[in-house]
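Notes follow the structure.
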Amino acid sequence: MRDDTRTIAVDLGARSYEVMVGPGLLAEAGTFCKPFLKRPRSVIVTDETVADLHLGTLEAGLAAAGIESHAIRLPPGERTKCWPMLERTVESLLELKVERDDVVIAFGGGVIGDLAGFAASILRRGVRFIQIPTSLLAQVDSSVGGKTGINSPSGKNLIGAFHQPDLVLADIDVLDTLSGREFLAGYGEVAKYGLLGDLPFFEWLEAHGPALAAGDKTLRVEAVARSVQAKADIVARDEHERGDRALLNLGHTFGHALEAATGYSDRLLHGEGVSVGMGLAFELSARLGHCSQETPSRVRAHLSGMRMKTRLADIDGDLPDADTLISLMSQDKKVVGGVPAFILARDIGDAFVTRDVEASAVRAVLADALAER
Ligand code: GLY
């Protein structure tokens, strides 16, 4: 094993798999993927942006191990997670004669991972797939844990399946080509792991976040590996989100409503919505007396120090009023009987899930945050 690479086990019995985190993994992808292939052939699902930047390296890495590959290139962006692109992907996989024992490679950010994973879950009643995530957000969150799916006109991620990959290769070198904004959007999910369950990790991020964002590779491996380990631990306890896994949605109830209010557009990336949402979740926790009044300020100080969006005032353009934002929360997947789940916190590193939150408290937090704009 290379000593610059970390391997994290996702322990799910017969569906267990490993996540490798390190530099230069694309060039060696053939070596790592080959044990999972019954024949030396694979189809890569990717988007045009990732393909232009990195597909050649991946194809060469597969070819070096004697693996023939074909690529399906989709348009980049959240709008690709839709029924027509799912149909196009599945039909292309069939045209490329992907068989039941073949392995599909999902090569891209969260959109491609979710879409290709879902296509793999329904193709011939389920084929295996390997995740090769290329965004920080996908490396630390969406490529691990088996959530796959697409968006519906009624809301985000409302159509999908749990389908665990056979392997995840997180090559931290590909993060070099992310824009600063994309990197920081992913950083929101990294900080989430500290905020929800690991104060020492949050303190580590307070100390090392700026150097990490500046490109330090050793710190990058450490941050991605610690995030993946945190996610793997939670997924192993609660694969199908009957309990603890909902903790991973810290900041997401607010965040999804803000993403819907901004039309899932460039105005607010998913990780930015999570960052603002985490600030609001800690604010709500403090108002309800679960954590100290100083805690939300510490959370926001770190995130804004990293130049992330943390307040509604950081979102450009108009936003709807508090009641409209609350009604957007009721389209969240986690709604039961019309009541959304909130992830609140007793402290940094000590989050919990509750539905016992008065709408008036949520309305007051949102109304105050809107008034700051
Ligand atoms: N992204 C949240 C989860 O995988 O459960």
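Overview of values
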| quantity | calculated |
| --- | --- |
| Output for segment 144-159, where each listed residue is within 16 Å of the ligand (Cβ to nearest atom), over 15 Å from the mean Cα position of the chain (by Cα) and open to solvent by 40 Å² or more (accessible area, probe 1.4 Å) | LEU158 |
| Conditions (1) within 13 Å of the ligand (Cβ to nearest atom); (2) buried (at least 24 other Cβ atoms within 10 Å of the Cβ); (3) in contact (Cβ under 8 Å) with a residue 40 or more places away in the chain: number failed by SER135 | (1) |
| Per-region count, segment 74-110, residues open to solvent by 20 Å² or more (accessible area, probe 1.4 Å), under 11 Å from SER42 (Cα atoms) and not hydrophobic (A, V, I, L, M, F, W, C) | 3 |
| Some residue of segment 165-177 being charged (D, E, K, R), out of contact with any Gly (no Cβ under 8 Å at 6 or more places or on another chain) and more than 13 Å from the ligand (Cβ to nearest atom) | yes |
| Tally, over segment 240-269, of residues that are under 14 Å from LEU366 (Cβ atoms) and free of Cβ contacts under 8 Å to residues at least 60 places away in the same chain | 1 |
| Hits in segment 100-131 - residues which are within 13 Å of the ligand (Cβ to nearest atom) and part of a helix (DSSP H, G or I) | GLY110, GLY113, ASP114, GLY117 |
| Candidates ALA60, ALA71, ALA9, ALA65, filtered to the one that is surrounded by fewer than 16 Cβ atoms within 10 Å (Cβ to Cβ), touching a residue at least 12 places away in the same chain (Cβ under 8 Å) and within 24 Å of the chain's Cα centre (by Cα) | ALA9 |
| Number of positions in segment 160-173 that are under 19 Å from ARG226 (Cβ atoms) and open to solvent by less than 20 Å² (accessible area, probe 1.4 Å) | 5 |
| Looking only at segment 119-132, and only at residues there that are among the β-branched types (Val, Ile, Thr) and more than 26 Å from ILE172 (Cβ to Cβ), the one that is least open to solvent (accessible area, probe 1.4 Å) | VAL127 |
| Qualifying positions in segment 249-283 - among the aliphatic types (A, V, I, L, M) and open to solvent by 10 Å² or more (accessible area, probe 1.4 Å) | ALA260, ALA261, LEU269 |
| Test: residue in segment 291-305 that is in contact (Cβ under 8 Å) with a residue 40 or more places away in the chain and in a loop (DSSP other than H, G, I, E, B) | yes |
| Filtered residues of segment 172-227 (kept if within 12 Å of MET308 (Cβ to Cβ), of a type in the set (Phe, Trp, Tyr) and in contact (Cβ under 8 Å) with a residue 60 or more places away in the chain) | TYR187 |
| Filtered residue count, segment 340-373, keeping only those that are part of a strand (DSSP E or B), among the β-branched types (Val, Ile, Thr), open to solvent by 10 Å² or more (accessible area, probe 1.4 Å) and in contact (Cβ under 8 Å) with a residue 40 or more places away in the chain | 1 |
| Those residues of segment 132-167 which are assigned to a strand (DSSP E or B) and over 19 Å from GLU241 (Cβ atoms), in sequence order | ILE132, PRO133, LEU167 |
| Test for LEU247: is it of a type in the set (A, V, I, L, M, F, W, C) and more than 16 Å from the ligand (Cβ to nearest atom) | no |
| Residue count, segment 12-33 (criterion: touching a residue at least 12 places away in the same chain (Cβ under 8 Å), over 22 Å from ASP176 (Cα atoms) and either exposed (fewer than 15 other Cβ atoms within 10 Å of the Cβ) or in contact with a Ser or Thr (Cβ under 6 Å, 6 or more places away or on another chain) (or both)) | 3 |
| Identity of the residue in segment 189-240, away from the ligand (no atom under 15 Å from the Cβ) and not in a helix (DSSP H, G or I), that ends up most open to solvent (accessible area, probe 1.4 Å) | ALA214 |
| Selection count, segment 255-268, where residues are under 16 Å from the mean Cα position of the chain (by Cα) and away from the ligand (no atom under 15 Å from the Cβ) | 2 |
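The values are calculated or read from the model by the stated rules, or taken from the named source; none is laboratory data. All of these numbers come straight from a predicted model, not from anything done at the bench. With ideal geometry, Cβ positions are generated from the backbone for all residues, glycine too; neighbour counts draw on all protein chains shown. The area values use the complete protein model at the heavy-atom level, side chains included, leaving out ligands, DNA and RNA. Shrake-Rupley method; radii C 1.70, N 1.55, O 1.52, S 1.80 Å.
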